[in-house]
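Report on the following structure.
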Amino acid sequence: MAVRSLDESNRLFAVEVDMENRSPEEIARDAVMQINALFDR
């Protein structure tokens with residue numbers, strides 16, 4: 001999954017999300033937590 005920076009820069013962030021044997025809700029929750037942690041830095 002790629003996430004574009006909110007400050008309009010050219011930075012692109014990638015987060016790894018394990019999807020094997022997981023529900024869509026679990027995948028989404030994991031992705032959101034990783035994205036939040038990334039932008040909190």
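What to note about this one:
- Restricting attention to segment 12-41, the residues that are in contact with a helix residue (DSSP H, G or I) (Cβ under 9 Å, 6 or more places away or on another chain) and either open to solvent by 80 Å² or more (accessible area, probe 1.4 Å) or among the acidic types (D, E) (or both) total 3.
- A count restricted to the chain and to residues that are among the basic types (K, R) and at pLDDT below 90 stands at 3.
The values are calculated or read from the model by the stated rules, or taken from the named source; none is laboratory data. Since this is a predicted model, take the numbers as computed values, not measurements. No Cβ is skipped: glycine too gets one built from the backbone with ideal geometry, and neighbour counts run over all protein chains shown. SASA here: full protein model, heavy atoms, side chains in, ligands and nucleic acids out. Shrake-Rupley method; radii C 1.70, N 1.55, O 1.52, S 1.80 Å.
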